[in-house]
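The values are calculated or read from the model by the stated rules, or taken from the named source; none is laboratory data. On a predicted model such as this, the values are computed, not experimentally measured, just so you know. Using ideal geometry, Cβ is built from the backbone for each residue, glycine included, and neighbour counts are taken over all protein chains shown. For the accessible areas, the whole protein counts, side chains as well, though only heavy atoms, and no ligand, DNA or RNA atoms are used. Shrake-Rupley method; radii C 1.70, N 1.55, O 1.52, S 1.80 Å.
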Amino acid sequence: MIGMTVRDILAATGGRLLCGEENLPLLHISIDSRSMEGSDLFVPLVGEKVDAHRFIEKAFESGAAATLTSEHEEMRDTRPWIRVADTKKALQAVGAYYRNRLTLPLVGITGSVGKTTTREMVAAALASSLHVYKTPANHNSQVGVPITLSEITPEDEIGVLELGMSLPGEMTRIAQIARPDMAVITNIGIAHIEQLGSQENICREKLHIQDGMRDGGVLILNGDDPLLKSCRAKDGCRTVYYGTGENAAYRAEDIRLEDGYPAFTAVCGQRRIPVRLRVMGRHMVGNALAAIAVADLCGLPLLEAAKGLEEFTGFEGRQQIFCVNEITVIDDSYNASPVSMKAGLEVLASIPCQGRRIAVLADMKELGPSAPQFHREVGEKLAGEPIDILFTLGTLAAQIERGAREKGFRRPCFHFEDPDEMGDALLAFLAPGDALLLKGSNSMRLGKLAGRLREQR
């Protein structure tokens with residue numbers, strides 16, 4: 001937070017200074033009493049199980065310079081305590097206040113699947129010519145976005161922000177804080193359908209990313225998505241599509257896999273740009289096209305943007321490929337949806353393999369009442385791929401085997417309810433030359449299994 005003081009926090013939040021110095025500079029925001037970077041404002045959030053107000057003194061001991069509070073009316077201290085009605089809303093107000101001071105353009109990324117990968121690809125393409133600030137980790141929530149904004153500095157020339165949502169009204173609040181100049185929606189899937197009820201409702205909520213966009217903004221949509229291809233930007237803003245169809249201003253042609261890695265020609269009007277990626281799977285083409293579109297709309301040379309895309313090699317838990325004892329591991333354990341799990345199976349099917357192709361698939365969460373059917377559909381997809389062995393983990397994942405069997409899959413299947421038990425069995429089962437995919441919701445702990453495999457190197 002460059003140039004921010006306690007006085008600015010008071011102006012942003014409408015809070016009351018209980019004690020301390022108004023002119024004290026503040027550089028960072030922290031919601032973790034154990035972790036301070038220096039000159040931090042501590043924000044004690046009130047959760048369902050834990051009220052962080054009880055950690056205020058711990059935060060000061062860790063190096064906090066000031067704190068918000070919604071529980072204290074009076075305080076005698078040399079350190080600034082700022083009384084607000086609601087600490088979470090105050091945090092959001094600080095984020096919006098700091099956003100109003102920023103002059104650099106911001107790109108917002110959302111979607112049911114692929115938003116984090118798209119964020120990274122957009123940042124990689126832009127970094128070919130600009131100093132880019134991007135959302136760290138998965139700080140894409142009503143709490144994470146204000147903190148992310150507060151870390152942008154004058155050295156940054158453009159920001160790429162991931163904006164997530166799971167509940168009605170959440171995207172509006174986040175978008176009004178971030179106020180993106182461009183917004184990308186990658187697709188409309190069924191993640192969070194349990195909370196939102198239908199894909200149509202999810203689509204409406206995602207489109208609220210425009211609620212913070214000013215006139216002249218650009219809405220960048222996946223023109224191959226059945227719902228998004230008929231959507232339009234709000235009045236005063238422009239709509240741009242990317243994809244493989246004729247409606248796409250940024251179109252992929254000559255799509256192919258080279259040793260599992262996608263290569264294609266990006267067609268933008270009369271320009272034709274060769275692109276080769278270093279992350280596996282045909283589904284990565286759409287994410288790359290979104291990055292090409294953002295780079296071009298920002299006025300960057302497309303050949304340089306394509307070179308920037310080649311620098312992106314993925315990140316931990318998301319299609320990271322490594323070898324251990326002559327076994328190829330596709331670690332895609334961070335999270336899962338039906339679309340991404342099917343895409344993961346395509347990646348497993350496409351990579352060179354001297355032994356057996358083994359799919360290790362776990363429950364996909366937050367899919368609502370239709371979750372068993374969505375898992376069976378993954379099994380139906382698996383039955384049509386050259387997969388030799390199936391390991392499933394969890395009650396819902398058992399439906400993957402059922403779907404595969406119904407489509408004629410007759411190869412070995414092994415089911416487990418305990419992740420450690422499955423890990424032991426899998427490690428004993430693997431042989432040199434095998435290739436395996438690890439895919440499931442994060443809570444299913446396949447990331448721990450990936451860690452065990454890495455340790456064997």
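Looking only at region 230-261, count every residue that is of a type in the set (D, E, K, R) and either assigned to a loop (DSSP other than H, G, I, E, B) or within 11 Å of Ile185 (Cβ to Cβ) (or both) and tell me the total. Of the residues in that region, 5 qualify. Criterion first (of a type in the set (D, E, K, R) and within 22 Å of Ser340 (Cα to Cα)) does Arg119 satisfy it? Spelling it out, Arg119 is indeed of a type in the set (D, E, K, R) and within 22 Å of Ser340 (Cα to Cα). If you filter region 153-178 down to residues that are open to solvent by 30 Å² or more (accessible area, probe 1.4 Å) and touching a Leu at 6+ places or on another chain (Cβ under 7 Å), you find that the one that is farthest from Thr13 (Cα to Cα) is Glu157.
Could you tell me which of the residues Ala248, Ala252, Ala288, Ala295 is over 30 Å from Ser370 (Cα atoms), within 19 Å of the chain's Cα centre (by Cα) and buried (at least 21 other Cβ atoms within 10 Å of the Cβ)? None of the others qualify; the one that does is Ala288.
Has region 160-183 got at least one residue that is on the phi > 0 side of the Ramachandran plot and at pLDDT 95 or above?
Of the residues in region 160-183, the ones on the phi > 0 side of the Ramachandran plot are 169, 179.
Going one step further and asking which of them are at pLDDT 95 or above, we end up with 179.
Yes, region 160-183 has at least one match.
For the residues Ala450, Ala435, the requirement of being in contact with an Asp or Glu (Cβ under 6 Å, 6 or more places away or on another chain) and of a type in the set (A, V, I, L, M, F, W, C) singles out Ala450. Filtering region 137-152 for residues that are open to solvent by 40 Å² or more (accessible area, probe 1.4 Å) and among the acidic types (Asp, Glu) leaves a non-empty set.
Of all residues in region 334-358, exactly one satisfies the criterion of being at pLDDT 90 or above, touching a helix residue (DSSP H, G or I) at 6+ places or on another chain (Cβ under 7 Å) and farther than 19 Å from Tyr261 by Cα, namely Pro338.
Which of the residues spanning region 410-443 are touching a residue at least 40 places away in the same chain (Cβ under 8 Å), open to solvent by 70 Å² or more (accessible area, probe 1.4 Å) and over 22 Å from Ile327 (Cα atoms)? Answer for region 410-443, where residues must be touching a residue at least 40 places away in the same chain (Cβ under 8 Å), open to solvent by 70 Å² or more (accessible area, probe 1.4 Å) and over 22 Å from Ile327 (Cα atoms): Asn442, Ser443. Scanning region 249-276 for residues being of a type in the set (Phe, Trp, Tyr) and modelled with pLDDT under 95 gives a total of 1. Selection within region 301-321: residues that are open to solvent by less than 40 Å² (accessible area, probe 1.4 Å) and part of a helix (DSSP H, G or I). The member of this set that is farthest from Asp332 (Cα to Cα) is Leu302. The listed residues are Lys58, Lys134, and the only one of them that is under 24 Å from Leu300 (Cα atoms), of a type in the set (D, E, K, R) and at pLDDT 95 or above turns out to be Lys134.
Tally time: how many residues in region 134-186 are outside any helix (DSSP H, G or I) and closer than 20 Å to Gly47 by Cα?
Summing the residues that are outside any helix (DSSP H, G or I) and closer than 20 Å to Gly47 by Cα in region 134-186 gives 12.
Note on region 321-352: among residues that are touching a residue at least 60 places away in the same chain (Cβ under 8 Å) and in contact with a Ser or Thr (Cβ under 7 Å, 6 or more places away or on another chain), the one that is farthest from Ser112 (Cα to Cα) is Ile351.
Scanning region 303-326 for residues that are in contact with a helix residue (DSSP H, G or I) (Cβ under 6 Å, 6 or more places away or on another chain) and at pLDDT 95 or above returns Ala305, Gly308, Leu309. Kindly indicate which of Lys234, Lys229 is basic (Lys, Arg), within 18 Å of Leu163 (Cβ to Cβ) and either open to solvent by less than 20 Å² (accessible area, probe 1.4 Å) or over 19 Å from the mean Cα position of the chain (by Cα) (or both). Selected residue: Lys234, the only one of Lys234, Lys229 that is basic (Lys, Arg), within 18 Å of Leu163 (Cβ to Cβ) and either open to solvent by less than 20 Å² (accessible area, probe 1.4 Å) or over 19 Å from the mean Cα position of the chain (by Cα) (or both). Yes or no: Lys407 in contact with an Asp or Glu (Cβ under 6 Å, 6 or more places away or on another chain) and either closer than 23 Å to Arg318 by Cα or open to solvent by 10 Å² or more (accessible area, probe 1.4 Å) (or both)? Considered against the rule, which asks whether it is in contact with an Asp or Glu (Cβ under 6 Å, 6 or more places away or on another chain) and either closer than 23 Å to Arg318 by Cα or open to solvent by 10 Å² or more (accessible area, probe 1.4 Å) (or both), Lys407 comes out as yes. Taking strands (runs of 3 or more DSSP E) as the structural unit, no element lying wholly within region 379-455 holds at least 3 residues that are over 25 Å from the mean Cα position of the chain (by Cα), more than 18 Å from Ala336 (Cα to Cα) and among the polar types (S, T, N, Q).
Taking first residues from region 108-123 that are under 12 Å from Val285 (Cα atoms) and partners that are among the hydroxyl-bearing types (Ser, Thr, Tyr) and not in a helix (DSSP H, G or I), the Cβ contacts under 7 Å between residues at least 6 apart in sequence or on separate chains come to Gly114/Thr186; Thr118/Thr186.
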